[in-house]
Every structure is written in structure tokens, then in C-alpha cells.
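**Student:** Got a structure for you, written out below as C-alpha cells; questions coming shortly.
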Amino acid sequence: MADIVPISRAPRPAPPRQSDPEPLWRHLLGEQLRRRRHDREETLTETAEKAGVSPQYLSEVERGRKEPSSEMIAAIAGALDTSLIELTSAVADELRAASTPASAVVSAARGAFTLAA
């Protein structure tokens, strides 16, 4: 009987690495809502009651599983004693920070120092 000899294969090149995709709006919104609710030391049930939504729905929004309507976002923002503009501005700021490459931040910082000198 013949011996089986393994054939060595050249390692496959790794697929080209793509940059991380931009975070979704609903994920950043959910994180922002959860952070604000925790800052107020409220439970899901307490905030949901104030907003007029179910705790399950609020949980899904906070986890980025639901794409809430503007009316729902406004209701939840109101329950957290914040305005829709404050909430959306905070989410937009996070989105900008998450999508700005580190090299652009360093370049911008160098430019600022150059102008100040």
C-alpha cells in the first residue's frame, strides 16, 4: 500500500483589510439614550413609562435593534429631560468622531499648532 504524503500549500494571502464600516445612527442613538438614562439612574421601566413606550421597545432602541420614528425619539428624549436637538447633536458628534480617521486628527492638530506658532 502506498503512503499518503501531504502536499504543502503556500499560505493564502489574507483578504484585503477594509476599514471598519461607519457605525449606524440607530446604534449611536441607542448608546446615547442608555448613557443618559444611566446618568439619571433610571430603570428601563421608569423611562419607558414617562415616554409612553414599553420597556421592551426602549430596550431594543437602546441596543440599536429598532429604527425609531422621530416621534418616538422625541418622546424618549423628553422622558430623559433633553431636547431632540441636544440628543441628535450629541449623536452627530459621536458619528463625526467615529468616522474621522486618526491620521486626519493628527494632521488637523499639526495644522492648528502651525497656525498658532
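The values are calculated or read from the model by the stated rules, or taken from the named source; none is laboratory data. No experiment lies behind these values; they were computed from the predicted model shown. When we count neighbours, we look across all protein chains shown, and the Cβ atoms used for this are built from the backbone with ideal geometry, even at glycine.
**Student:** Just wondering, is there one or more residues in region 110-117 that are at pLDDT 95 or above and among the basic types (Lys, Arg)?
**Tutor:** For region 110-117, residues at pLDDT 95 or above and among the basic types (Lys, Arg): absent.
**Student:** Let me ask another. If you scan region 40-64, which residues turn out to be among the charged types (D, E, K, R) and either free of Cβ contacts under 8 Å to residues at least 12 places away in the same chain or more than 16 Å from Leu29 (Cα to Cα) (or both)? So that I can check it myself, show each step before the final result.
**Tutor:** Applying the first criterion (among the charged types (D, E, K, R)) to region 40-64 yields 40-42, 46, 49-50, 60, 62-63.
Across region 40-64, the qualifying residues are Arg40, Glu41, Glu42, Glu46, Glu49, Lys50, Glu60.
**Student:** Checking the condition surrounded by fewer than 10 Cβ atoms within 10 Å (Cβ to Cβ), over 14 Å from the mean Cα position of the chain (by Cα), at pLDDT below 85 and part of a helix (DSSP H, G or I), which residue from Ser103, Ser19, Ser107 passes?
**Tutor:** Being surrounded by fewer than 10 Cβ atoms within 10 Å (Cβ to Cβ), over 14 Å from the mean Cα position of the chain (by Cα), at pLDDT below 85 and part of a helix (DSSP H, G or I) holds for just one of Ser103, Ser19, Ser107, which is Ser103.
**Student:** Only one of (1) more than 20 Å from Glu31 (Cβ to Cβ); (2) at pLDDT 95 or above; (3) not aromatic (Phe, Trp, Tyr) is not met by Pro68, so which one is it?
**Tutor:** (1)
**Student:** Here's something else I'd like to know. Based on this model, can you work out whether Asp3 counts as among the acidic types (Asp, Glu) and at pLDDT 90 or above?
**Tutor:** Here the answer is no, as Asp3 does not meet what is asked.
**Student:** Closer than 25 Å to Leu95 by Cα and assigned to a loop (DSSP other than H, G, I, E, B): does that describe Thr82?
**Tutor:** Yes; evaluated as a whole, the condition is true for this residue.
**Student:** Quick check: anything in region 35-49 within 18 Å of Leu95 (Cβ to Cβ) and at pLDDT below 95?
**Tutor:** For region 35-49, residues within 18 Å of Leu95 (Cβ to Cβ) and at pLDDT below 95: absent.
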